[in-house]
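See below for the structure under consideration.
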Amino acid sequence: MPAIPRYRFPNNFTWGAATSAYQIEGAWQEDGKGESIWDLFSHNPGKIMNGETGNVSCNHYHYYREDVSHMARMGLNAYRFSVSWPRVFPEGKSKPNPRGLDFYRRLVEELHQNNIQPVITLHHWDLPQSLQEKYNGWASRDTAMYFGEYSAYMFENLECENPLWITINEPWVFAFMGHAFGLHAPGVVDMETAINAAHHLLLAHGQAVTAFRDLSSGEGQIGIALDLSQVHPASNSDADINTARRLDGIKNRFFLDPVLQGNYPADIWDFYSDHFKMPEVKPADMKLISRSIDFLGINNYTRHLVQAGSAEDDFIGNIINPPEKEYTEMGWEVYPPGIYELLTRITEEYGKMPLYVTENGAAFYDEFDAEGNINDEARINFLRDYIKQCRHALEEGADLRGYFVWSLLDNFEWSYGYSKRFGLIYVDFLTEKRVWKKSAYWYQNVIANNGI
Ligand code: FCB
């Protein structure tokens, strides 16, 4: 008889794991796939640690059956993956590539056969390079329109039972890491472009929700995945408190407010306007962006402890990492109460709505012991503590419907290449062998007991 968990979850709670196309698929040139901005960026020397690329990665494109069998054995109720836009539209628009779509058909079929609900992200950063070249990518409104067309095509052609669709993954990270700081594709360093990209990504989200409402047969639900982190001031000084409020606005409210309330937060809009030329917001934009969604996806890893910067234009202040705290391999502070704070805060400030934790997890250094096992206790502790805080948020009234570990597999961690392992399952990138870490067995048990 299974043990009775102390932290039990509601009966229909969804336990899942997440990945994304560029990070796991490989097969970057197969079956008619077009080039993505991440193909180009990673092939550019000096952009990725150790010159690594996603050319092969976990080769999930060919190993998807095996990967789904791992999911089934783990007991996952749902699997979050993303569609590579240039696999389906090699040029980003007009002419679809049936072989690209076919891969996702086979994957979804395999998931259905194993009773695993598909949770499908439409854009997890791998924009078709052709749209970058012809239209300047997310710097232009055209890209949002083409995203709407691509989304509509997916809703019509990828038959799924009861899917959850996620329009855009983490518009803040994608817009700013890729267009302001140049650390991600397309490698642009220009704040104005980043702010434009943010607006156009939100527009694209609205286009996709609209297409879904127009086309949907009633199957499935649609939402967005925002990366949200609580921001705390490092001290009680007004300067630190104001900086924390601003960083919260830049990272969190600048995306939550438009999607859930139809407006940009005035403090951040005005602040940006003092320094940058702002994107054109057309009369219908905010209505489109705030079309009602069925759920909000939250990706959460850490919180930010922030101190006011000294320079006047130092608008995000200094994020500080006190030595007595615990950090993951990414240098992100382990802060489980942050997820509780977020879930309850969103419920209070924006109203009760279905929420999913669409990503949570940790990179730690993994090594094999003499018996060939990976005893990743640090990852287990991380997941356990965050999941307990999710349970606590449920008790306090947050309508949390599900939780997804990032990630099912070790994978290509963007500019860090393969140096950071987030997987429940270890991947040997030379042989493509998959090995369950102790955390995978642990998670299997959490699912079986529906709690901790
Ligand atoms: C998130 C991304 C995801 C992964 C994790 C670690 O920001 O959505 O692809 O890289 O971080």
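When the P(r) is computed for segment 1-96, the part past 24 Å accounts for 40% of the Cα-Cα pairs.
What number do you get for segment 14-449 when its Cα radius of gyration is normalised by 2.2 N^0.38 Å, N = residues? Segment 14-449 yields a ratio of 0.92. Distant-in-sequence amide contacts of GLN117, defined by a placed amide H-H separation under 5 Å and a gap of 5 or more residues or a different chain, comprise ALA78, TYR79. Considering only protein heavy atoms and a probe of 1.4 Å, how much of the accessible area of the chain is carbon and sulfur, as a whole percent? Carbon and sulfur: 46 percent of the exposed surface of the chain.
Please say if segment 294-386 is rounded, prolate or oblate, where rounded means a/c under 1.5 for a ≥ b ≥ c the square roots of the C-alpha gyration tensor eigenvalues, and otherwise the choice is prolate for a/b larger than b/c and oblate otherwise?
The shape class here is oblate.
If R0 is 51 Å, what FRET efficiency do you get for ILE320 and ARG65 from their C-beta distance, rounded to 0.05? Once the sixth-power term is evaluated, E becomes 0.65.
Placing unit charges on each Cβ (+1 for Lys and Arg, -1 for Asp and Glu) gives the chain a dipole about its Cα centre, and among PHE412, LEU355, LEU183 the Cα reaching farthest toward its positive end belongs to LEU355.
About its Cα centre, the dipole of segment 14-449 is roughly 740 debye, where the only charges are +1 on Lys and Arg Cβ and -1 on Asp and Glu Cβ. Taking 7 Å steps out from each Cα toward its Cβ at TRP269 and GLU377 produces label points 5.2 nm apart. Taking only alpha carbon atoms, segment 177-228 gives an Rg to Rh ratio of 1.14, where Rh is the Kirkwood radius. Full extension of the chain between ARG73 and LYS134 gives 17.5 nm of extra length, using 0.36 nm per residue less the Cα-Cα distance. On the basis of the beta-carbon distance and an R0 of 25 Å, LYS277 and SER310 show a calculated FRET efficiency of 0.45. Cα-Cα over 22 Å: which of LYS33/LYS251; LYS47/LYS420; LYS251/LYS277? Distance filter (> 22 Å) returns LYS33/LYS251. A simple rule links phi to the HN-Hα coupling: the Karplus curve 6.51 cos²θ - 1.76 cosθ + 1.60 with θ = phi - 60°, which for segment 269-281 gives 4, 5, 4, 4, 4, 5, 10, 9, 7, 8, x, 6, 9 Hz, with x for Gly and Pro. 3J(HN,Hα) along segment 103-111: 4, 5, 4, 5, 4, 5, 4, 4, 5 Hz, from the Karplus curve 6.51 cos²θ - 1.76 cosθ + 1.60 with θ = phi - 60°, whole Hz, x for Gly and Pro.
If R0 is taken as 35 Å, the Cβ-Cβ distance between ASN11 and ARG213 corresponds to a FRET efficiency of 0.75. Count the DSSP beta bridges whose two residues both fall in segment 14-449, then state the antiparallel fraction as a percent rounded to the nearest 5. About 20 percent, rounded to the nearest 5. From the largest down, segment 111-160 spans 41, 19, 14 angstrom on the principal axes of its Cα atoms.
Dimensions of segment 1-57 along the principal axes, based on C-alpha atoms and rounded to the nearest Å, stand at 53, 28, 19, largest first. Amide H to amide H, with H built 1.01 Å from N, GLU359 comes under 5 Å of ILE298, ASN299, ASN300, PHE404, counting only residues 5 or more places away or on other chains. When the Cα convex hull of segment 398-452 is projected onto planes of every orientation, the mean area is 5.2 nm². The alpha-carbon of LYS95 sits under 13 angstrom from the alpha-carbons of these aspartates and glutamates, leaving out residues fewer than 8 places away in its chain: GLU149. Each peptide in 41-47, 143-149 receives the mean, over its residues, of other Cβ atoms within 10 Å, and ordering these scores from highest gives 143-149, 41-47. Determine which residues of segment 335-377 fall in the zone a paramagnetic label at ASN445 would reach in this model, i.e. backbone nitrogen under 15 Å from the point 7 Å along Cα→Cβ. From segment 335-377, the list is 374-377.
Rolling a 1.4 angstrom probe over the protein heavy atoms with all chains in place gives segment 14-449 an accessible area of 37 Å² per residue. Radius of gyration (Cα atoms) of segment 208-339, expressed as a multiple of 2.2 N^0.38 Å: 1.26.
For ILE222, the amide hydrogen comes within under 5 Å of the amide hydrogens of TRP165, ASP294, PHE295, counting only partners 5 or more places away or on other chains and with H modelled in the peptide plane. Backbone geometry of segment 252-261 corresponds, through the Karplus equation with coefficients 6.51, -1.76 and 1.60 at θ = phi - 60°, to 3J(HN,Hα) couplings of 9, 5, 5, 10, 5, 4, x, 5, 9, 10 Hz, x marking Gly and Pro.
The values are calculated or read from the model by the stated rules, or taken from the named source; none is laboratory data. Only a predicted model underlies this, so the values are computations on that prediction, with no experimental measurement involved. Don't worry about glycine lacking a Cβ; one is built from the backbone with ideal geometry, like all the others, and counts go over all protein chains shown. Remember, those area values only see protein heavy atoms, side chains included, never the ligands or the DNA or RNA. Shrake-Rupley method; radii C 1.70, N 1.55, O 1.52, S 1.80 Å.
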